[in-house]
1. Quick test of your reading of the structure: S155 fulfils all but one of (1) of a type in the set (S, T, N, Q); (2) more than 23 Å from L310 (Cα to Cα); (3) open to solvent by 50 Å² or more (accessible area, probe 1.4 Å). Name the failing condition by number.
2. Could you pull out the residue among G290, G221 that is surrounded by fewer than 24 Cβ atoms within 10 Å (Cβ to Cβ), under 17 Å from the mean Cα position of the chain (by Cα) and within 30 Å of L185 (Cβ to Cβ)?
3. Of the residues Y121, Y110, which is closer than 27 Å to T333 by Cβ, modelled with pLDDT under 95 and open to solvent by 10 Å² or more (accessible area, probe 1.4 Å)?
4. Of everything in the range 229-246 that's of a type outside the set (S, T, Y) and open to solvent by less than 10 Å² (accessible area, probe 1.4 Å), which residue is farthest from the chain's Cα centre (by Cα)?
5. Would a scan of the range 328-335 turn up a residue that is open to solvent by 40 Å² or more (accessible area, probe 1.4 Å) and over 25 Å from R306 (Cβ atoms)?
6. Mind telling me which of the residues A410, A464, A397, A390 ends up being surrounded by 14 or more Cβ atoms within 10 Å (Cβ to Cβ), touching a strand residue (DSSP E or B) at 6+ places or on another chain (Cβ under 7 Å), among the aliphatic types (A, V, I, L, M) and over 25 Å from T186 (Cβ atoms)?
7. Taking the residues in the range 422-448 that are at pLDDT below 90 and not hydrophobic (A, V, I, L, M, F, W, C) as candidates, determine which candidate is farthest from G225 (Cα to Cα).
8. Does L456 satisfy the condition of being surrounded by fewer than 16 Cβ atoms within 10 Å (Cβ to Cβ) and part of a helix (DSSP H, G or I)?
Amino acid sequence: CQSSVGSNRQACQSSVGFALSRAMLAARQDSLYSICDDSSDSASTGSSGDDGELRAAAASPTSSLPEEHDVEAPPFEPEADATETPSAPGVEAAKAANAPRLDALDAPRYFASIHIVCFHYYDGSYFKLGGLWTQFFFVLAGFLLAYAEMIRPVSKATNMGRLKYLRKRLITIYPLYALSICLLLTRPAYHQSCECEWEVLPLHIFLLQGIVQVDCCKPYGAWNGPAWFLSALVVYWLVTLDLCRCFRTLSLKQCYCWLAGCWVFSLALWPVNELIGDSSESGSSWLEHGPLGYFHVYIAGVAMARVFILRCMVDMETGAAPTADFGRLTLDTKSAPLAFRYGCIMGFTLWFALVACNQFVVSVHRAPTYYILHNGGLLPLMILILGGGALGADPLAQHVFRWRPFMILARLSFSQYILQGWVQEILQHHTLGMYFALPVLLPVAYIAQRVLERPLSDWQRQRARDGVLGWDEELVARVEDTLQHALDSKAQKALSGKEPLTDVATTGRR
């Protein structure tokens, strides 16, 4: 450039400066991927809920991504990664992968959380349908966690065992859940909700209440009933990485078929419920409050993540749609389909139309209509809101969901959801207690988020940066090493002719 003069020198300097900035950006991106890979065995932060949460959070449950809780279900947070719920699980991983954060999903996550809370607290005509938002936490958790994985190039994909991945999700949501159990153990006015409440306490401690159900005490009937969704998320998290590996290679048409199939499957759950022998309005507890009833909803979230990447994102290097060997992706709001650019408006319009129909035309709060709607029947509506909030171009997402009060409340999604049962247990024994339940819950959730959830997330991040391993990480590593050693031994015996090769194939699938 020194040999140039005038405008030529300026053009040369500008060109060199641009090249240097691109090189620095590429080096920084490689560094971020490296950090993420090195810390994959460590915890990330995380929507609660029915989410992690998830979150997810999840998440979201969870920026163009929600702050991870980040479980999920009903609530998860993405800050911790949405659980799903609450928190939206998967956000921290997305941030580590240098992906666009979907911050407009925070408000829908809180909207879902507060509807479920008010459904439990108040018996008003509007909030009678609040329980239908349970499915949003599962689809949000699946979306956020899959997005965090699929946004990475194949060469940078997460490579860890299922137990390590499960631990990564649990550390973001379990401390607050454990706090809720401890608070319920010390409740001043003990009220036995079922005859074997103490006998099923271990199931609740180990998050097995939705997986191992007993007739004398339903998963929502003892201790922290609303947290049954965490039990379902544990099952889903174990297969999340496998689902991501399968869906990241599917075409757009195949993903659309999966979304349609998941919704149609919701309609088939009622006959399954009849076979189980439960004809009540809400359906069998195995389906309504367990992993069997929402697995298709979670899969729909994973499929939606693939659709979102293919239709709403482009390669930063080429400006074209993502290919199998993409580098880094960015949002493309101008070319996104109409259903994404106005998804929130269309989704919430359909929701309030359903509420009006229930109020003034015909009640949907009866069998089998309510059960079908509760377990995935509202997937089209939820997917519209999910897509519109993720893209962030929807007028509601731009001017309402990113409003500061909504973003503050969204951080309370998981703690609000998890602690609702304890607040209800204290106030329901007083004459006017439930009128003050929500005003009491909000400050309690804020304190829990500031004193426990947020500091713990920061501590986990710092441990990951420092490469510190805890006893739980070492235990998980030993278990996975033992299982891998057993598989290797099995393979060696088969190769030496002591066992048939078919046994090895079977063992590998297991």
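The values are calculated or read from the model by the stated rules, or taken from the named source; none is laboratory data. Source: prediction; values computed, not measured. Heads up, the Cβs are rebuilt from the backbone with ideal geometry, glycines too, and the neighbour counts pull from every protein chain shown. Note: areas computed on protein heavy atoms with side chains; ligands, DNA, RNA excluded. Shrake-Rupley method; radii C 1.70, N 1.55, O 1.52, S 1.80 Å.
1. (2)
2. Values: G221 fails: under 17 Å from the mean Cα position of the chain (by Cα).
Going through G290, G221 in turn, the sole match is G290.
3. Details: Y121 fails: closer than 27 Å to T333 by Cβ.
Within the list Y121, Y110, the selection yields Y110.
4. C244
5. Here is the first cut: in the range 328-335, the residues open to solvent by 40 Å² or more (accessible area, probe 1.4 Å) are 328, 330-331, 333-335.
If we keep only those that are over 25 Å from R306 (Cβ atoms) as well, we get none.
No, the range 328-335 has no match at all.
6. On the way: A410 fails: touching a strand residue (DSSP E or B) at 6+ places or on another chain (Cβ under 7 Å); A464 fails: touching a strand residue (DSSP E or B) at 6+ places or on another chain (Cβ under 7 Å); A397 fails: touching a strand residue (DSSP E or B) at 6+ places or on another chain (Cβ under 7 Å).
After ruling out the rest, the residue left standing is A390.
7. Within the range 422-448, the match that is farthest from G225 (Cα to Cα) is T431.
8. Values: surrounded by fewer than 16 Cβ atoms within 10 Å (Cβ to Cβ): no; part of a helix (DSSP H, G or I): yes.
Judged against the criteria, L456 is not a match.
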